[in-house]
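Colleague: Structure incoming, see below.
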Amino acid sequence: MRSRIQTKEKQSIAVKNDIDQLKKTGFLSEFDDAIVEKIVNISGIKEFRVKEVIIEEHQELSELYILIEGMVIIGINVSRKGKINLNTIHPGQLFSWSAIFPPYISTASAVATQPVRVLAINSARLVKMFEEDPLFGFKFMNIISRTLSQRLSDTRLQLVNITSL
């Protein structure tokens with residue numbers, strides 16, 4: 001029984017370290033500790049191996065991911081061209097944003113290029129937080145809109161490259 005307690009304690013310390021790192025460098029750095037704690041309470045940590053598919057294109061999503069460790073490639077399938085990589089996600093960045101927008105279907109795939117750890121936020125509970133705290137919801141969606149704007153710009157550049165081939 002003692003070793004189980006130590007394992008849980010080690011896991012708890014690891015999660016706290018992950019969250020502390022995200023608060024310093026990533027997406028969560030934009031929120032105060034009370035909000036971060038609420039987000040963490042509706043989240044879990046998930047791990048993926050190298051080359052493991054995290055999200056399939058057109059998959060129904062129920063979690064928003066924030067990358068803690070590793071690297072993720074976002075890509076789409078293009079007829080007669082095959083899979084096209086659109087973006088690389090680095091620690092602190094979010095992906096799977098479709099999980100908070102109806103119809104909750106992914107617009108791209110996500111594949112681990114290194115061992116990956118993510119903070120997996122339950123999207124239904126996150127949306128409930130938006131409803132309970134509209135100021136938080138506005139701030140969160142503002143950050144999402146900046147992310148989407150950047151990804152759209154990146155995708156546009158990729159499409160220019162594809163059409164010039």
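The values are calculated or read from the model by the stated rules, or taken from the named source; none is laboratory data. These figures come from a predicted structure and were not determined experimentally. With ideal geometry, Cβ positions are generated from the backbone for all residues, glycine too; neighbour counts draw on all protein chains shown.
Colleague: Just one of 120, 124 is among the small types (Gly, Ala, Ser), in contact with a strand residue (DSSP E or B) (Cβ under 8 Å, 6 or more places away or on another chain) and touching a residue at least 12 places away in the same chain (Cβ under 8 Å); which is it?
Modeller: 120
Colleague: Counting only residues that are among the hydroxyl-bearing types (Ser, Thr, Tyr), at pLDDT 90 or above and over 23 Å from residue 18 (Cα atoms), how many does the range 78-103 have?
Modeller: Result for the range 78-103: 1.
Colleague: Still on this structure: Test residue 73 against the criterion of being within 16 Å of residue 151 (Cα to Cα), part of a strand (DSSP E or B) and modelled with pLDDT of 95 or more, and give yes or no.
Modeller: Yes.
Colleague: Could I ask something else about it? Do you know which residues across the range 37-47 are under 21 Å from residue 100 (Cβ atoms) and within 15 Å of the chain's Cα centre (by Cα)?
Modeller: 39, 40, 42, 43, 44, 45, 46 - these are the residues of the range 37-47 that are under 21 Å from residue 100 (Cβ atoms) and within 15 Å of the chain's Cα centre (by Cα).
Colleague: Taking the range 15-67 on its own, how many of its residues are part of a helix (DSSP H, G or I) and basic (Lys, Arg)?
Modeller: Selection size over the range 15-67: 4.
Colleague: Output the number of residues of the range 104-127 satisfying the condition of being modelled with pLDDT of 95 or more, of a type in the set (Ser, Thr, Tyr) and farther than 18 Å from residue 35 by Cβ.
Modeller: Result for the range 104-127: 4.
Colleague: Select from the range 29-63 the residues that are in contact with a Ser or Thr (Cβ under 7 Å, 6 or more places away or on another chain) and closer than 18 Å to residue 92 by Cβ and list them in ascending order.
Modeller: Residue satisfying the conditions is 63 alone.
Colleague: If I ask for residues that are more than 21 Å from residue 73 (Cα to Cα) and aliphatic (A, V, I, L, M), which ones from the range 40-55 would you list?
Modeller: 40, 42
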